[in-house]
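The values are calculated or read from the model by the stated rules, or taken from the named source; none is laboratory data. Being a predicted model, the structure only gives us computed values, none of them experimental. No Cβ is skipped: glycine too gets one built from the backbone with ideal geometry, and neighbour counts run over all protein chains shown.
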Amino acid sequence: MAVPGRVAELRLRIAAVAVLVVSLASCEPPAPPAQSAQPDSQRIAAPAFNADSAYAYVERQVAFGPRVPNTAPHAACADWLAAELARHGAEVTVQEGRARAFDGTVLNMKNIVGTFHPESRDRILLFAHWDTRPFADKDSTRTREPIDGANDGGSGVGVLLEVARQLGVESADVGVDIVFFDAEDYGRPEWMPSTENGYRDWCLGSQHWAQNPHRPGYRARFGILLDMVGAADAVFHQEGTSLRFAPHVVRKVWKRANELGFGDRFNASPTPPTIDDNFFVSDLAGIPSANIVDYRIQVRPMGYGPFHHTHADNMSVIDRETLRQVGTTVLSVVRQP
Ligand code: ZN
């Protein structure tokens, strides 16, 4: 397949530019606050979404410690995520699975699914990964220690827990499934040579679910992935794999963000294709899915923010306004798909 090959190759290139990303980003001043591209008079009404609640949900995950498969904090956080979805009225399915990591470690995975309106045939899938990186392989110190994953892992889950809370207060017309995928971030570390099929080291939870959905024959109209949606200076460009599999979903989400006044944060320029859970959900499960991801196209040839896979990915990265704009956009799409 063309894209995975290209993407695997791009993954290799990430390693080469990681140092450049960190050094460039660390000497640049923070971006100015985003200005709205949409005049106030043309804006549509925003659904209720509480950014303080989303922030607290990120904080709570980080407080468990790194959520690395086969560890006690991971197990405790899984129980809490399932209980929290149930508390907001979702029917909860915890899908357990096993996968072999790049180093042979057998990972005990839990994909956690919260289902609203289980009877509805018209469904929307929202997802994020809840595990965190077991290494700080792009950091300069303590590279073998796990990271907090406040942004990479915590932010997407935090926003979706607040979406779940809002759906508990006021239900949507369509069925909604919120899936927290496990073992997304257990891919081969930077210090090891990459392999041609190295992209398959990543997204183990979503690969498992896409081939064994929590309900046989599961279908959804479309999916939206949230990944690294918490940084103050995040800009969400249109991600290449999403544009390949789900251009109509990308258009829908970015148009809505613009109508809500978030047009500068949701930028129409594309990124190269990347490997993330949306690739496997789109390709293996056949559910066209868009990724809202903080990918910095201004960093050549490609790259993520300076926090990425370092110990800097802690609560100091997380910004309520970014969480609010992402959560409000996603919830608006759910309420008016
Ligand atoms: Zn990651």
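Results, tabulated for the structure shown:
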{"item": "Scan of the range 201-219 for residues that are under 18 Å from Asn108 (Cβ atoms) and surrounded by fewer than 19 Cβ atoms within 10 Å (Cβ to Cβ), ordered by number", "result": "Gln211, Asn212, His214"}
{"item": "Glu184, sole failed condition from (1) assigned to a helix (DSSP H, G or I); (2) closer than 28 Å to Glu321 by Cα; (3) of a type outside the set (Ser, Thr, Tyr)", "result": "(1)"}
{"item": "Matching entry among Arg265, Arg296, Arg324 (being away from the ligand (no atom under 16 Å from the Cβ), of a type in the set (Lys, Arg) and over 17 Å from Leu126 (Cα atoms))", "result": "Arg265"}
{"item": "Residue within the range 59-76 that is loosely packed, with under 14 Cβ neighbours inside 10 Å, over 20 Å from Leu204 (Cβ atoms) and either among the charged types (D, E, K, R) or touching a residue at least 40 places away in the same chain (Cβ under 8 Å) (or both) present", "result": "no"}
{"item": "Filtered residues of the range 104-138 (kept if within 16 Å of the ligand (Cβ to nearest atom) and not in a strand (DSSP E or B))", "result": "Trp130, Asp131, Thr132, Arg133, Pro134, Phe135, Ala136, Asp137, Lys138"}
{"item": "Those residues of the range 39-52 which are out of contact with any Leu (no Cβ under 8 Å at 6 or more places or on another chain) and surrounded by 14 or more Cβ atoms within 10 Å (Cβ to Cβ), in sequence order", "result": "Asn50"}
{"item": "Matching residues, the range 252-283, being of a type in the set (A, V, I, L, M), within 18 Å of the chain's Cα centre (by Cα) and assigned to a loop (DSSP other than H, G, I, E, B)", "result": "Ile275"}
{"item": "Yes/no for Gly175 being within 16 Å of the ligand (Cβ to nearest atom) and either surrounded by 18 or more Cβ atoms within 10 Å (Cβ to Cβ) or modelled with pLDDT under 95 (or both)", "result": "no"}
{"item": "Any hit, the range 229-251, residues being free of Cβ contacts under 8 Å to residues at least 60 places away in the same chain, under 18 Å from the mean Cα position of the chain (by Cα), buried (at least 16 other Cβ atoms within 10 Å of the Cβ) and within 16 Å of the ligand (Cβ to nearest atom)", "result": "yes"}
{"item": "Residue match in the range 139-146 (condition: touching a Lys or Arg at 6+ places or on another chain (Cβ under 7 Å) and closer than 26 Å to Arg200 by Cβ)", "result": "yes"}
{"item": "Only one of Gly198, Gly223, Gly205, Gly187 that is over 28 Å from Ala90 (Cα atoms), at pLDDT 95 or above and not β-branched (Val, Ile, Thr)", "result": "Gly187"}
{"item": "Residue match in the range 139-161 (condition: within 16 Å of the ligand (Cβ to nearest atom), within 19 Å of the chain's Cα centre (by Cα), over 28 Å from Gly286 (Cβ atoms) and of a type in the set (Val, Ile, Thr))", "result": "yes"}
{"item": "From Ala101, Ala82, residue being modelled with pLDDT of 95 or more, within 16 Å of the ligand (Cβ to nearest atom) and not polar (S, T, N, Q)", "result": "Ala101"}
{"item": "Test: residue in the range 187-200 that is within 16 Å of the ligand (Cβ to nearest atom), outside any loop (DSSP other than H, G, I, E, B) and surrounded by 19 or more Cβ atoms within 10 Å (Cβ to Cβ)", "result": "yes"}
{"item": "Test: residue in the range 49-67 that is over 30 Å from Gln336 (Cβ atoms) and touching a Phe, Trp or Tyr at 6+ places or on another chain (Cβ under 7 Å)", "result": "yes"}
